[in-house]
Structure formats: C-alpha cells, structure tokens
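Everything on this sheet refers to the single structure shown next.
The values are calculated or read from the model by the stated rules, or taken from the named source; none is laboratory data. Given the structure is predicted, the values throughout are model-derived calculations rather than measurements. All Cβ positions, even for glycine, are placed from backbone atoms using ideal geometry, and neighbour counts span all protein chains on display. Just the protein is used for accessible areas: all its heavy atoms, side chains included, with ligands, DNA and RNA removed. Shrake-Rupley method; radii C 1.70, N 1.55, O 1.52, S 1.80 Å.
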Amino acid sequence: MDYESMKLLSKAIVLGSSALGAGIAMIAGLGPGIGEGNAVGKALEAIGRQPEAKSEVTSTMILGVAMAETTGIYSLIVALILLFVNPLVGKL
Amino acid sequence: MNVEITGAKVLFNIGGIVITETVVNTWIVMLLITLFCFIITRNLKVRPTSRRQLIAEFIVKTFNKLVKGNMGDKFSAYSPLIAGVMLMSALCSLSGLTGIYAPTADLSTLIAWAVVVFILITFNKIKYGGFGGYLKGYLEPIPVMLPINIISEVATPVSMAFRHFGNVASGVVVMTLVNGAMSAASQGLLGLIPGALGDTLSQIPLLRVGLPAILSLYFDVFSGCIQAFLFSMLTMAYVSSAAASE
C-alpha cells in the first residue's frame, strides 16, 4: 500500500471512530431522562396532594429539570464537537 | 439538497479583530433593547398617564420583585443586571427565529456572560468575607480539599455557559436536520408524479410546512426562554450564596 492510500485509510478510520464515539457519548442521555422523569413524577405527586401550589411546584420543577438536563447537554456537546469539528483528524 | 451546519461566519476584519455574525447580531439585539427602553421611558410623570409608562413600571416592578424574592433586600441593586441578562439572553435566542444566526448558539457569547457572573461571585466573596476569608474558603472543610475546591470554583461558569450553549445549539442542529430531511422527503415524494408537473412540484419543499414549525416552538421558543430564565436564576443564586457563605 502506498503512502497516499495509507493516509486516506487512516483518515477514514479516525472519522469512523469519531462518529462511533459521538454515538457512544450520547448514551449519557439515559441519565437525565431517568432523573427528569423522577422529578416530574414527584412534582405530579406534590400537585396531587396540594393542587393550590400548582404554579409554584411547576416553576420549581422546570428549573430543576433544566438543571438535570445539564449532564445530557455535556455529552451532546462532546458528540457535536466529535462530529462537526473533527479535532482528532488534525492529530494524524 | 445539502445540509450545512457551521458556526458563526466571519463577516469582515477591523485591524486584525475578527468580526463574526455573532458580534453583529449581538449589537442588533442590544440596539433593539436600548431603543425599546428609550421609547418607553419618554415623558415619565409621577402619576402615569400614558400606556408606555405603565408597561415600563410593570417591567421594573416585576424584576425588582424577582430579585428581592430570590436574593433578599440587600441585593436589590442587582435588579438591572438580572433584567439585562434575562432580556438579552431571551432576545438573542429568539432572534434565531428570524433566520439570522442566534448569538447564543455561539459558545463565545455564553463564556463572556459566564465570566461576568464569575467576577461577580468572586467580588461578593471578597467583599463579604475579606480577602483572607476568600482564600481560606479554598481550604474548607480540610486543606486536602484544595484541588477539588478550585475545580468546583472554575466549574461554575463553565457549566453555566455550556448548559445554555448546548440547549440553543442543539435546537439549531435539530431544526437544520429536520428542515433538510423534510426538503428531501418532499423532493422524493413529489418527484414520483410523472411529467412536467412532478418536476416543478418537486422543486418546492412543501413538506417543510407544519412539522418544523411545531418543533421550532419547543426547540427555539421554549428552550430559549427557559435557558434565559435559568441563567438569571443561577446568577442570583450563586451571587447571593457567595455573600451568605461567610
């Protein structure tokens, strides 16, 4: 195999691995999903017990859910960087 | 059909300083807010007579109440800052709806805002605990915790910036992909019609009507407003806890 095709092959391997890595990074989406589900479930229980506190519970819940989303967002940023910025190709 | 997802484009250079779409759009939003404030605060009277003044008073009262409720009376001077951050963030995210590049989809904007919050936190820690108290805070509860304390200090602005950026940028990416997919789908489906009619219809992305609008309601409008609210709520929480920790 000559030098040019070697270079192309190694680039292809890096790009494919980056795509795989992006997909694996998004497994972290499981965590926020479970966490947000818990938070919303508890908020619904609270509203069921005290319907008059609905607006307060809802606004606090939305804040908490947005906070819990952070870890998922981190993995999303890692995946986006792997897909669109391709930082590893430059390291060849 | 080509789907293109890029960051902010560079528009021009001024003496080596790169001016991107982000900078220009941020200035547009700033001008809009300034113009709005300028218009509604003309001819203020002790007894409000115009509808303009009632709107202005309503906005100011809402933010004063919010800041006092979350930070206490001691910090009522922070109300303009919080109002500015919230309106700026919300309008920057919503400006993406008009088709221009939303400034909050650029990490640089959010990093800049997070640095402002970080300076405020440090300033309040030093102001209320003294410089010695601020340094001693890194050795609490035991001196071995020093590296962890430094990391958690730096992680605060980083997490604030990344949270906001990730939400807005993910909305932009998802909307671009959905729009591209809808164009391709309508091109494929309408291209099945034989003759010149099919050729003409397949050039028009008819399926882009409907579904992208509903998704945009969540990804652009709801997500942007929630993040604006969250950013200012976190600013208030961090700054007031920095002062109360001593």
TODO: Could you pull out every one of the aspartates and glutamates with an alpha carbon less than 17 Å from that of A:K42, ignoring same-chain neighbours closer than 8 positions?
DONE: A:E52, A:E56, A:E69
Open item on the list: Between segment B:188-246 and segment B:58-87, how far is it from one alpha carbon centroid to the other, in angstrom?
Closed with: 29
TODO: Scan chain A and note any complete DSSP helix (H) whose C-alpha atoms cover at least 30 Å along its axis and whose Kyte-Doolittle average is 0.0 or more.
DONE: A:3-25
- [ ] Using a/c under 1.5 as the rounded threshold, could you call segment B:1-141 rounded, prolate or oblate? The axes a ≥ b ≥ c are square roots of the C-alpha gyration tensor eigenvalues, and prolate needs a/b larger than b/c, oblate otherwise.
- [x] oblate
- [ ] Could you size up the charge dipole of the protein assembly as shown around its Cα centre, putting +1 on the beta carbon of Lys and Arg and -1 on that of Asp and Glu, and report it in debye to the nearest 20?
- [x] 1120
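Please give me the summed charge of the neighbours of B:L54: other residues whose Cβ is under 13 Å from its Cβ, Lys and Arg +1, Asp and Glu -1.
Neighbourhood net charge equals +4.
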Task: Protein-protein interface of segment B:151-181, residues with accessible area decrease of at least 50 Å², isolated chain reference, 1.4 Å probe - done: B:F162, B:R163
Task: Top of B:I19, B:I142, B:I121 by mean-square fluctuation, Gaussian network on chain B, Cα under 10 Å - done: B:I142
TODO: Could you pull out the longest piece of chain B with no exposed loop trypsin sites (Lys or Arg not before Pro) in it, calling a site exposed if DSSP puts it outside H, G, I, E, B and it has at most 10 other Cβ atoms within 10 Å?
DONE: B:46-246
- [ ] May I ask for the angle, rounded to the nearest 10°, between helix B:21-40 and the longest principal axis of chain B, with both axes built from Cα atoms and the value confined to 0 to 90°?
- [x] 70
- [ ] Could you please state how large a percent of the accessible area of segment A:30-86 is carbon and sulfur, counting protein chains only and using a 1.4 Å probe?
- [x] 68
Task: Positive minus negative residues near A:A39 (Lys, Arg vs Asp, Glu; Cβ under 14 Å) - done: -2
- [ ] Using only protein heavy atoms and a 1.4 Å probe, report how much of B:D220 is accessible, in Å² to the nearest 10.
- [x] 30
Task: Top of B:F162, B:F123, B:F131 by mean-square fluctuation, Gaussian network on chain B, Cα under 10 Å - done: B:F131
- [ ] Skip the ligands, DNA and RNA, and give the accessible area per residue of the protein assembly as shown with a 1.4 Å probe, whole Å².
- [x] 60
- [ ] Using a 1.4 angstrom probe on heavy atoms only, work out the carbon and sulfur share of the accessible area of segment B:82-147 in %.
- [x] 79
Task: Built amide H within the under 5 Å cut-off of B:T20, gap 5+ - done: B:L11
- [ ] At a probe radius of 1.4 Å, figure out the B/A buried accessible area, summed over both chains, and give it in Å² to the nearest 100.
- [x] 1200
Task: Helix axis angle, B:223-244 relative to chain B longest principal axis, alpha carbon, degrees - done: 10
TODO: For chain B, compute the number of Lys pairs whose alpha carbons are separated by less than 26 Å, excluding pairs fewer than 8 positions apart on the same chain.
DONE: 14
TODO: Check cross-link reach from A:K7 to the lysines: straight Cα distance under 22 Å, and skip same-chain residues fewer than eight apart.
DONE: A:K91
